[in-house]
Every structure is written in C-alpha cells, then in structure tokens.
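Scroll down for the structure; my scribbles are underneath it.
The values are calculated or read from the model by the stated rules, or taken from the named source; none is laboratory data. The structure displayed is predicted, hence computed values, not measured ones. We place every Cβ from the backbone using ideal geometry, glycine too, and count neighbours over all the protein chains shown. Surface accessibility is based on the protein's heavy atoms, side chains included, excluding ligands, DNA and RNA. Shrake-Rupley method; radii C 1.70, N 1.55, O 1.52, S 1.80 Å.
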Amino acid sequence: MPEHWYREAVVYCCDVETFQDSNGDGVGDFPGLTSRLDYLARLGITCLWLNPIHPTPNRDDGYDVADFYAVDPRLGTLGDFAELLHEAGNRGIRVIIDLVVNHTSDQHPWFQSARKSPDSPYRDWYLWSDKEPEDRYEGMVFPGEQNETWTYDRTAKAWYYHRFYNFMPDLNTANPEVKDEIKRIAAFWVQLGVAGFRMDAAPFVIEASPQQPKDFTFLTDLRSHLQWRQGDSVILAEANVGADEVGEYFGDAGGSANRLHMLFDFALNARLMLALARGDAEPVIDALRDTPKLPEGAQWATFLRNHDEVDLSKLTAEQRADVFAEFGPEKEMQLYDRGIRRRMAPMLGGDRRRIELAYAMQFSLRGSPVIRYGEELGMGEDLSLTGRDAIRTPMQWSPGANAGFSGGKDLVRPVIEQGEYGYPHVNVVSQQQNPRSLLSWFERMIRTLRQCPEVGLGACSVVDVPMPRHVLAHQADQPDRGAMVFLHNLADEDVTVDLSSLGKYAEYPYELLADKDYPPVDDSLSTISLAGYGYRWIRLRDSHGRHTGGQTTRGGLA
Ligand code: NOJ
C-alpha cells in the first residue's frame with residue numbers, strides 16, 4: 001500500500017549539524033549525512049526527519065528561520081541536499097523536513113521590512129500592537145528563557161507578538177497572503193523531492209493569536225494543496241493537544257483524515273514515561289483506552305525522546321513528581337518546570353534490560369515509531385550545556401578523535417567524552433562489531449517490526465485478561481495482515497501469564513522477538529513466562545493464515 005507508506009514507517013530524527021561533518025569545519029553537513037545513509041539503511045529505518053535545514057542565525061537550533069527557500073550554507077549547498085534526497089531514495093529512505101511557519105527569525109527579510117514601516121507589504125504578516133498589550137506576560141512557552149510574549153520594537157515603534165523567544169516573531173497566519181506563502185514553501189520542497197514535513201507548533205500555526213479561533217480549514221487546504229503536487233506527501237505535526245481536539249487536527253466531520261496525516265502522541269509519551277518510572281503498566285493502558293477513535297488513514301507517531309525536553313506538562317503534579325524523582329531528580333536535569341533534558345539510557349540508569357523494554361514497548365504500540373539519533377547506541381546527555389542543548393551533542397561514530405563526527409577543531413557542540421556515556425565506550429564502530437550490543441538489538445528489533453505491518457496498520461487493544469499491574473499485554477490486529485500479542489514486564493520480577501483467552505485468534509503461535517531464550521510458546525498460550533523487565537512479541541496469526549516457521553529473534557544479553 002504505497003499510498004499509506006507513513007503508516008508502516010520507522011522514522012529517524014536527525015539534526016544535520018550534529019550528525020556527520022564531511023569537510024572538517026566542525027559542523028555536520030549534507031555530504032556527511034549522505035555518507036552515513038548505509039548505516040541508516042542497515043538500521044532499518046525508512047524515513048529520515050531532518051531538523052530545520054534553512055539559513056538561520058541559529059539562536060534556537062535552526063527553528064529561527066531566515067529564508068524558507070534555501071539551505072543553511074553551513075550544511076552544504078542545495079545541490080548537496082538534492083544528492084542526499086537521491087541517495088536516500090536509492091536506499092528506500094524517504095526524507096521529511098521541518099516546516100517551521102508559526103514564526104520567522106527576526107532577521108528574516110519579511111520582518112526586517114515589516115518593522116521599518118507601517119506601509120511595508122510585510123507589515124501585516126506579523127502581529128503588532130501600538131499599546132502595551134495586557135497579556136504581555138502571558139503564554140510563555142519557555143519560562144525561564146523567555147519573560148514576555150509581546151516585545152517592544154524601537155524601529156517599528158510598536159509591540160510584536162511571539163509565542164516563543166523574542167527573536168522569533170509570530171507570523172500572522174490569519175492573513176491570506178501568509179497562508180498562500182506557507183503553501184508555496186511546502187510545495188517548493190515537495191517539488192525538490194521531500195516526502196513531507198514535520199510541522200512545527202501546529203496549534204499555533206492555525207491560531208494566529210489566542211484571541212482568534214483556530215482555523216482548521218487551513219490544514220485541509222494545505223493538505224489538499226500538497227497532495228495535488230505529490231500524492232503521497234505527508235504532514236506529521238507537533239500538536240500537544242487534548243483528546244477532545246485530536247479529531248479536528250486529523251480531519252473534518254467527513255470521517256476520513258483529510259488534514260494532518262500524523263500527530264506525535266504526546267499523551268502516550270508522558271504516560272510511557274510515567275509507566276517506566278513507576279514500574280506500572282496502568283498509565284499506558286489508560287492512554288490506550290483514552291485514545292479517541294481516529295478517522296480512516298490517520299496515524300499516531302510514537303516517541304520516547306526527541307530534540308526537546310521530555311514534556312510532562314499534561315501529567316498531574318503527583319505523576320510529574322514521580323517521573324522527576326525517578327528520571328530527573330537534580331534541578332539541573334529539569335527544564336521549564338515541566339520537563340527533563342536527558343536521554344533515555346541515563347534516565348534508565350544504563351540498565352540494558354530497561355532500555356530494551358522501553359523501546360520494545362514504544363515500537364510495538366499503535367502508530368509509526370520515531371527515534372532520535374543516538375538513542376540506538378544509548379547515548380547520554382551533557383548537562384553542562386545550556387537548556388535543550390544537553391541532548392543535542394554530536395553523534396558518536398567511533399572511539400577515534402571527536403567520536404568520528406568531525407576532523408575539525410571547533411565543533412558545533414562538544415562531543416561527550418567522559419564517563420560511561422562518553423564516545424570511547426558508546427559508539428557505532430564498537431557496537432556494530434558486537435552482535436549483543438544495543439545497536440545490534442535495535443537493528444533486529446526494527447527489522448522484526450517491519451515484519452509486523454499490523455502494528456502500524458491494524459487495531460491496537462489491551463488484552464482483556466487479568467494481569468499483574470506491572471505487565472502490559474496488548475494486541476495488534478489487521479484482518480488481512482495478521483495479529484500479534486505483545487507482553488512487556490515493567491518490574492524487575494519474574495512472572496507467568498495466561499493468555500489462553502486469545503486461543504481463538506491464534507493459529508500456531510510463535511515468538512518473533514524476546515529479551516532472552518524462553519521455552520517455545522505452547523499452542524494454548526496458557527503458561528507464558530516473562531523475566532523481570534522482559535518482553536515477548538508473539539505472532540498469533542500471519543497474513544497467510546498459517547504458521548510460516550518464523551524463529552525467535554533473541555533480543556537480550558543472554
Ligand atoms: C518546537 C520545536 O520542537 C522546538 O525545538 C522549537 O524551539 C519550537 N517549536 C519553536 O520553533
């Protein structure tokens with residue numbers, strides 16, 4: 001089903017500037033990334049999401065865009081970018097890029113023109129106020145780094161609105177000219193060959209200001225515009241919104257997804273973190289049960305870590321406190337009073353069993369998994385860097401100088417050198433040589449998932465049988481593709497579970513992935529053992545309707 005490629009995608013998020021430097025200037029670039037595509041192909045990912053690639057003053061890691069129609073010269077030329085797209089395509093990897101159109105950099109020529117005169121053709125592309133707005137100190141997204149949402153501009157002699165930093169003025173997306181320009185930008189990149197976009201701050205894009213209603217029809221319009229240009233292009237949106245609103249982001253009342261194709265599942269992300277922190281499956285079960293019914297064709301994008309802080313804002317104070325206590329107990333690990341600026345491996349105490357468990361759980365839950373670069377190695381964070389930079393250090397390729405990231409001296413960000421997460425210990429070269437490494441496990445796990453299309457395409461449900469609180473048992477079912485059951489044990493305690501009620505779905509059940517060698521699954525599914533922090537992925541039925549002789553892929557250390 002090529003038109004639904006995104007529903008079976010495995011997405012890898014990568015920041016070009018910290019991935020691979022090819023020319024020794026200390027900044028990662030397109031030729032560097034292109035030279036690493038074979039690595040990504042071996043890992044098994046099918047879609048590469050690039051953090052912003054445009055010219056930028058780089059005060060918010062590229063999310064402050066100064067020209068939407070060009071690439072940042074530090075990363076290479078437009079020709080280099082086209083080569084990257086071509087080479088990725090050769091390996092069956094689609095590339096999506098960030099579409100950051102809630103705001104621009106204050107250095108963008110539109111803003112420079114707009115601030116100079118009320119008669120500028122771009123004046124109304126931004127939001128202005130002659131008087132100091134009453135809500136000047138409300139709605140900051142980055143508390144501690146940002147103290148207002150309206151800033152006075154001496155040149156303009158007026159206040160301008162910005163949800164994020166004051167160097168990123170918000171575009172007035174209620175202006176039809178701005179809407180047309182956004183469509184033009186997206187169409188331009190699709191024309192160059194990108195497969196779609198990760199849409200930054202989607203709720204803000206459709207709500208020009210908090211005083212105005214959300215214009216969901218713009219999403220319908222944008223999608224239809226894109227799909228006339230390239231039928232299978234997709235929009236994966238960042239929208240941390242409540243369950244009651246989710247449906248509107250995906251589609252109108254027509255019943256099929258005609259707006260955004262995919263949304264990051266922030267609600268599930270926070271509950272996964274809570275479940276891992278408490279050793280309790282209930283938060284994930286709640287999240288699955290609370291999931292609204294999605295329109296046909298809509299898809300979740302699941303994730304554990306991304307390039308921002310772990311966002312715990314939608315948890316209760318008590319739940320948040322539990323996650324902070326387990327994963328971010330020190331003040332310096334926390335950010336914006338709501339999040340944690342760490343990577344998974346250190347949060348899980350470097351415990352290989354828990355890292356595998358966490359990712360096995362994410363990848364087996366409904367939706368398309370998204371993974372942040374370096375997580376497949378178990379990279380750590382550098383808390384001496386400010387804010388979110390802690391988790392944006394260069395990729396660790398080898399035990400050689402600069403982790404093999406660059407031959408230069410002045411690196412865009414320091415590599416992690418010291419301690420158990422330093423590149424002498426955590427790097428691609430050593431892990432590729434070791435079939436028992438975390439990287440080798442990720443390769444096996446991703447390839448196994450790609451054999452299970454029912455995870456992305458099918459219905460996901462919690463298995464309705466009594467289970468200890470620390471065990472998550474869920475099922476993925478797609479009538480013409482097959483059915484799987486997944487067991488994940490969130491506690492360090494062996495357990496035996498009875499899944500015999502699934503017998504009616506099962507035809508010669510067999511295991512596809514597990515943390516260690518278990519006795520073969522018996523046909524009755526009545527006695528299934530699970531080690532502490534163990535997991536088992538069991539095929540109940542395949543698309544052929546019969547046992548095809550699959551073999552367990554042992555995931556763990558044993
Ligand atoms: C969300 C992005 O993920 C974040 O990194 C960025 O700072 C803001 N949007 C502003 O663009």
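Things to note:
- Put R353, R154 in order of accessible area, highest first, and with a 1.4 Å probe you get R154, R353.
- Judged by the mean number of other Cβ atoms found within 10 Å, the most tightly packed of the peptides 392-401, 78-87, 364-373 leads the ranking 364-373, 392-401, 78-87.
- Annotation: amide H-H contacts under 5 Å for A281 (H modelled 1.01 Å from N, sequence separation of 5 or more, or interchain): H470, V471.
- Amide H contacts of D492 (H built 1.01 Å from N, under 5 Å, at least 5 apart or other chain): Y533
- What the phi angles of segment 514-524 give under the Karplus curve with 6.51, -1.76 and 1.60, with θ = phi - 60°, is a coupling list of 7, 6, 7, 6, 10, x, x, 5, 7, 4, 7 Hz, glycine and proline written as x.
- Value at 222 nm in deg cm²/dmol, rounded to 500, when DSSP H runs of n ≥ 4 in the chain each add -39,500 (n - 2.57): -7500 deg cm²/dmol
- Per residue convex hull volume, Cα atoms of segment 50-150, in Å³: 126
- Net charge contributed by nearby residues that have their C-beta within less than 9 Å of L37 (K/R +1, D/E -1): 0
- Ranked by how many other beta carbons lie within 10 Å on average, peptides 198-205, 245-252 from highest: 198-205, 245-252
- Pairwise Cα distances in segment 244-335 exceed 15 Å for 63 percent of all pairs.
- Length gained when the stretch Q432-A317 is fully extended (0.36 nm per residue, less Cα-Cα span): 37.2 nm
- Förster radius 56 Å - calculated FRET efficiency between L192 and D290 (Cβ-Cβ, nearest 0.05): 0.90
- Applying 1/(1 + (r/R0)^6) with r as the Cβ-Cβ distance of E282 and A459 and R0 = 25 angstrom yields a FRET efficiency of 0.75.
- For S22, nonlocal amide neighbours, meaning residues 5 or more places apart or on other chains whose placed amide H falls under 5 Å from its own, are D29, G32.
- Alpha-carbon centroid distance for the pair segment 453-515 / segment 209-237, whole angstrom: 36
- Placing a label point 7 Å from the Cα of N175 along the Cα-to-Cβ direction, none of the residues of segment 58-97 has a backbone N under 13 Å of that point.
- Peptides 16-25, 117-126 ranked from most to least packed, by the mean per-residue count of other Cβ atoms within 10 Å: 16-25, 117-126.
- Relative contact order for segment 415-534: 19 percent, from Cα pairs under 8 Å spaced at least 6 residues apart, divided by residue count.
- Relative contact order, whole percent, for the chain stands at 12, derived from Cα pairs under 8 Å and 6 or more residues apart.
- The local environment of G503, defined by Cβ-Cβ distances under 13 Å, has a net charge of -2 under the rule Lys, Arg +1 and Asp, Glu -1.
- Solvent exposure of E238, expressed as accessible area, is near 40 Å², computed with a probe of 1.4 Å over the protein chains only.
- For segment 177-207, the residues whose backbone nitrogen is under 18 Å from a point 7 Å from the Cα of Q230, taken along Cα to Cβ, are 182-200.
- For segment 334-399 and segment 135-171, distance of Cα centres in Å: 31
- Cα gyration tensor shape for segment 420-480, rounded if a/c is under 1.5, else prolate or oblate: oblate
- Residue-by-residue Karplus 3J(HN,Hα) for segment 23-30, coefficients 6.51, -1.76, 1.60, Hz, glycine and proline x: 10, x, 8, x, 10, x, 8, 4
- 10 Å beta-carbon shell around R320, net charge (K/R +1, D/E -1): -1
- Along its three principal directions, the equivalent ellipsoid of the chain from the Cα gyration tensor extends over semi-axes of 39, 26, 23 Å, largest first.
- Label-point gap, in nm, between N23 and Y39 - each point 7 angstrom along Cα→Cβ: 2.0
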